[in-house]
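Right, one structure below, let's go through it.
The values are calculated or read from the model by the stated rules, or taken from the named source; none is laboratory data. Nothing here was measured: the structure is a model prediction, and the numbers come from that model. Heads up, the Cβs are rebuilt from the backbone with ideal geometry, glycines too, and the neighbour counts pull from every protein chain shown.
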């Protein structure tokens, strides 16, 4: 661990937020006119400006976080929830029931901070939950899109596709509590490129894509819900990921 922390120290010493901010400013100035005049870009000019500002504002807070994390790892840090684990070791320092080594209780929450909820044999491969009168199963065993669909169909359902911002927010929160990876949805354009449909082939009107998504291409025909980015992105259908079923 000491070698790892020392390596981070060396990297942090070369990480100068002011220099990186100046580089972003120079880069943004160089492409500003082209970005504004490009009528084929898959995003608005306002979104571009906002994204540049977000990138610029990332560097200093990140450096401060890494510095505080290093201090916590070396000297100990605050334990806000009193579970005897400092914040830099705890996946949720506001919840005393979640800490490394805690017992999983099969409730869709990652109690033991392993990054996967209910990852013990007694819990089974899927977490049942409901929202808005609909039943869902969050299955943490990674599978390809077609295998995931078959698994959902074997339970009498199909791969889920969030149909509204409220449902999307709930699915994201539930998925994030279980495992912070991309989750397969039923959205796809496997039949016709650019024509996004659900697993049964019905057209989709709600498409909350992430920035610069979908990227497109012959091998990116299925849609992952990314809890970290709170958005959709297209991906190769043979990628193995957890998945969300909608059940009868």
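Data overview
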item	result
Enumeration of residues in segment 116-140 that are out of contact with any strand residue (DSSP E or B) (no Cβ under 7 Å at 6 or more places or on another chain) and touching a residue at least 40 places away in the same chain (Cβ under 8 Å)	131
Residue identified as surrounded by 14 or more Cβ atoms within 10 Å (Cβ to Cβ), under 18 Å from the mean Cα position of the chain (by Cα) and over 26 Å from residue 201 (Cβ atoms) among 109, 120, 161	109
Residues located in segment 126-154, provided they are surrounded by fewer than 15 Cβ atoms within 10 Å (Cβ to Cβ) and assigned to a loop (DSSP other than H, G, I, E, B)	132, 133
Failed item in (1) in a loop (DSSP other than H, G, I, E, B); (2) assigned by TED's automatic domain parsing to the domain that holds residue 178, with residue 87 passing the rest	(2)
Pairs, first farther than 22 Å from residue 9 by Cα in segment 40-64, second exposed (fewer than 13 other Cβ atoms within 10 Å of the Cβ) and modelled with pLDDT under 90, C-beta under 8 Å, six or more apart	42/212; 43/212
Residue check for residue 20: over 15 Å from residue 178 (Cα atoms), in contact (Cβ under 8 Å) with a residue 40 or more places away in the chain and surrounded by 16 or more Cβ atoms within 10 Å (Cβ to Cβ)	no
Residues that are surrounded by fewer than 15 Cβ atoms within 10 Å (Cβ to Cβ) and farther than 21 Å from residue 66 by Cβ, drawn from segment 78-93	82, 84
